[in-house]
Each structure stands twice: as structure tokens, then as C-alpha cells.
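Note sheet for the following structure.
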Amino acid sequence: MLNATSVTTTRFELKQLFHLMIPILITQFAQAGFGLIDTIMAGHLSAQDLAAIAVGVGLWIPIMLLFSGILIATTPLVAAANGARTPEKIASIARQSLWVAFILGVIAGLILQFMPLLLPILGVPDNLLPKASLFLHAIGFGMPAVTMYAALRGYSEALGYPRPVTAISLIALVVLIPLNFIFMYGIGPIPHLGSAGSGFATAILQWLMFITLATYILKARRYQKTQPFALWEKLDPYWVKRILTLGLPIGLAIFFEVSIFSTAAIVLSPLGETIIAAHQIAISVTSQLFMIPMSLAIALTIRVGTYYGEHNWLAMRKVQYLGLATGTVFAFITMIFMWLFRAEIVAIYTSDYAVAKVAMYLILFAIAYQLMDAWQVSAAGCLRGMQDTKGPMWITMLAYWVIAFPVGIYLARFTEMGAAGVWVGLIVGLSIACVLLLTRLYMNNQRLSQKSPTQAI
């Protein structure tokens, strides 16, 4: 029997965190790099292509993260089953996650097919409609692959095997460039589609990634004890309910946070192509760097989830403190990097002086919220590991949509701040989310510390 007072060493826990975090970080950078490549290649076509991509991505990313975010529930469920020494449950969790993932992927794909109808209502300029619409139609076909890949990724990472996902993501990053080139510029029977071509390229790539990961899990020896493809298993209402009960708040929380960033492009669209393009560059830069605390948060979910399954509260808290301290160090490094190299970074995206000037200005606002962002995402990762997802969902909705979004719209549309107003709203929202999530984490730890290690959770 493991006891609630067994605490591992700081060195061991840091080693375990980085063992998980580094491959996950490379994976996150690679997957974020998909959007980076799209943005850079579109930016070198024209400002209009870049603006069209900004609008299309602004709608696709929230939908994609909402539905794939639900499948993050696979990670704490598998981690807890692993920590509780009940491996027989793991295969069923993975199979049921795949069922849920397929159904959710089909729904997400259908939503994206109808999404272009909203573009005129949202005030998107007429000249951006054709390419933004085609992008959304095309990328929708890849959504079942996105969600099923997310389920398999959560299963593999929770077992302590993040490297296969990392390898696939890196290969995919290389494959995306020629695929984008084919569909953006046109080769043979494939017409020149401009920025919209990246939608077709990304959809094809997502299916290739899912098939590759599924094949590897089927064949690799390390997965045989918990093999999800060993037998056919029909939908189990119990596990479907568990996955959705745990996962839906996760997906909604991610949706509330990310959509506030992504839909900002739509809020700013009446201000002109230059502003939209500059905002998209600043968002793209911060999205790449956000992968550092996000990867730490995923590693924290796995480690906290394992100790949660063991009912080892002291070790669990130790992991949390180390995670928050590590996040703080990374935040300061990121801030220094962005301050020193913002001009060089923006130059990668565009040679347009007007766009670059605005983008460099907006990056200053991104620097201001790095510390709060690191703390809030780390706290959310810890809470997911403790299977507390509903509280963070409500906190995120309050912070971003009830407070940050109205503040951002008002400052951007009705004051002279322009694009900066949206970013001030983001800073306000992130700060509130950070305080509330840390408070929630503290309260959960206090509650669990009063339980014996053998009490049901």
C-alpha cells in the first residue's frame, strides 16, 4: 500500500517532469509550427492572403481545440488508472476515447462546413470571403483525424511514452511544406488556391498523422499490455459519460481561452488588412512561445494524475510546487527573449513596414502577460490531473468572455487604442483567471489533505 506521506525527491520529480515535458514541448512546437508555416507562406503571397488565413484560422482553431480538448480527458483517466495499478481499465478507456473522438470529429467537421455562412454576419470584408470560406470547407474534412489522434496521443503520453507522438509531429512538419506548396501554388491538375490551399494540405496531413500513430501503437511492444486495438469494443455508456463529464469542461475551458485570442482577428477586421495581419503575426509569435508552459501543464497533468490515482497527496503537492516554480523561470526567459528579438522575429513573417511596426508594438503587450499566463496554465494542468475540470471551465468563461472580451471590444472599437485595446482586455482576463485558478488549486489541496490515503476520491 502506498501511503500519503511518501514524497519523492525534488531531483527525481524534476527529472520526471522534464522527461515528459521535453518530448511534449517538441510535439507542441511542431504542431504549432503547422500554423506558423501556413502564416509565413500566406504572408509571402500577399497581405490579403495573410488576412484571409487570419480569419479562417480564427474560426477553425477554437472549434478544433474545443473538440480535441474534450479528448484530453484520456490523459488523467489513463494516468489515474496507471497510478492505481489497474492496467486492465486502460485499454477500455482508450477504445472508448476513440469512439467518442470519431463522433466528435464528424460533428466538428460538419460545423466547419457551415461556418462560412457566419463570415458576412461577423463583418468580414467581401474580398476575404472566398479564400477564408474555402479554407474552412477544406480543413473540416480533417477533423475526425484530429480528434482520434488527440485520443491516441493522450493515451500514449499518459503511459509515459510521449516520444512516438513527437517523432510523428516532426515528420509531419516537414511534410506540410511541400503539401502547402502544391495546394497554394498549384501543380498539374491542382489549381492555384492561394492561402486557402493550406486548408487542404492540413486536412490531408492530419489523416496521415492519425494513421501513422495508430499503426505504431498496434505494432509496438510497449503497448501490448494495454493494447486498444486488440479487440473490438462497442460504445460503453459508463466510459462515454466519464470521458464527456471530465473532458467537456476541459474542451470548453480551452475554447474560452483560445477563442478570445483567435476571434480578436474578427473583432479587428473593420480596422483594415494591416491591423489584422499585424495582430495575426503577434498572435502567431505568442502561440509558439505558449507551447512552453502548455507542455509543462500537460506533464503536470500526467504526474499529478498518477499521484492522484495513488492517493499520495504530499507527493502530488510537491509536483505542483515544482511545476509552478519551473513555469515562473520559463516565463521570465520568454519575456527576455521577446523583448530582445521582437524585430528579428517579426521580420520572419513580413517585409511590409506598416504591418511590422504594428506587430512589434502588439508584442509588447504579449510580454506583459507571460508570467500570469504561465501560472494559470500550470494551475489548470494540476487541476486536470486531480480530475477537477468544471471549476476551471467556469473560471475561464468568466475571465475571458464575461470580462476580457467586452473590455477588449470597447477599447478596440470605441477608443483610440485600436488593436492594443484587444490585448489590454486579454491581460485583464489572464490576470483574473490566474488568481482564481491558483485559489481553486489551493482549496482542492486543503480538502484532499484532510482525507486518508484509502478514502475514495
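Could we say that Phe210 is among the aromatic types (Phe, Trp, Tyr), in a helix (DSSP H, G or I) and surrounded by fewer than 17 Cβ atoms within 10 Å (Cβ to Cβ) here? So that I can check it myself, show each step before the final result.
Working: among the aromatic types (Phe, Trp, Tyr): yes; in a helix (DSSP H, G or I): yes; surrounded by fewer than 17 Cβ atoms within 10 Å (Cβ to Cβ): no.
Judged against the criteria, Phe210 is not a match.
Considering (1) touching a helix residue (DSSP H, G or I) at 6+ places or on another chain (Cβ under 7 Å); (2) more than 30 Å from Leu268 (Cα to Cα); (3) crowded, with 19+ Cβ neighbours inside 10 Å; (4) not acidic (Asp, Glu), say which one Ala42 fails and leave the rest.
(2)
Conditions first: (1) touching an Asp or Glu at 6+ places or on another chain (Cβ under 9 Å); (2) without any contact (Cβ under 8 Å) to a residue 24 or more places away in the chain; (3) not charged (D, E, K, R). Ala91 passes all but one, so which condition is the exception?
Ala91 satisfies every listed condition except (2).
For the range 335-364, which residues satisfy the criterion of being among the aromatic types (Phe, Trp, Tyr), farther than 19 Å from Leu36 by Cα and touching a helix residue (DSSP H, G or I) at 6+ places or on another chain (Cβ under 8 Å)?
Matches in the range 335-364: Trp339, Tyr361.
Has the range 408-416 got any residue that is buried (at least 20 other Cβ atoms within 10 Å of the Cβ) and either touching a Lys or Arg at 6+ places or on another chain (Cβ under 9 Å) or touching a residue at least 40 places away in the same chain (Cβ under 8 Å) (or both)?
yes
So if I check each of Ile260, Ile283, Ile276, Ile190, which one is over 28 Å from Thr27 (Cβ atoms), part of a helix (DSSP H, G or I) and at pLDDT below 90?
Ile276
Can you name the helices (runs of 4 or more DSSP H) wholly within the range 365-430 that have at least 1 residues being acidic (Asp, Glu), within 17 Å of the chain's Cα centre (by Cα) and closer than 26 Å to Phe332 by Cβ?
The qualifying helices (runs of 4 or more DSSP H) are 370-385.
For the structure I just gave you, tell me whether Gly309 is in contact with a Lys or Arg (Cβ under 8 Å, 6 or more places away or on another chain) and either under 30 Å from Ile90 (Cα atoms) or assigned to a helix (DSSP H, G or I) (or both).
For Gly309, the condition - in contact with a Lys or Arg (Cβ under 8 Å, 6 or more places away or on another chain) and either under 30 Å from Ile90 (Cα atoms) or assigned to a helix (DSSP H, G or I) (or both) - is not met.
Of all the residues that make up the range 94-132, how many are free of Cβ contacts under 8 Å to residues at least 24 places away in the same chain and farther than 23 Å from Tyr149 by Cα?
7
Determine whether the range 43-58 contains at least one residue that is touching a residue at least 12 places away in the same chain (Cβ under 8 Å) and closer than 30 Å to Leu20 by Cβ.
Looking for residues that are touching a residue at least 12 places away in the same chain (Cβ under 8 Å) and closer than 30 Å to Leu20 by Cβ, one finds at least one in the range 43-58, hence yes.
Quick one: count up the residues across the range 306-345 that are within 25 Å of the chain's Cα centre (by Cα) and charged (D, E, K, R).
Result for the range 306-345: 2.
Could you please let me know if Lys225 is under 24 Å from the mean Cα position of the chain (by Cα), in a helix (DSSP H, G or I) and either among the charged types (D, E, K, R) or surrounded by fewer than 19 Cβ atoms within 10 Å (Cβ to Cβ) (or both)?
no
When the range 240-250 is examined, which residues are found to be surrounded by 13 or more Cβ atoms within 10 Å (Cβ to Cβ) and modelled with pLDDT of 90 or more?
Scanning the range 240-250 gives Val240, Arg242, Ile243, Leu244, Thr245, Leu246, Gly247, Leu248, Pro249.
The values are calculated or read from the model by the stated rules, or taken from the named source; none is laboratory data. Bear in mind the structure is a predicted one, so any value in this text is a computation, not a measurement. Cβ coordinates were reconstructed from backbone atoms using ideal geometry, including for glycine residues, and neighbour counts include every protein chain displayed.
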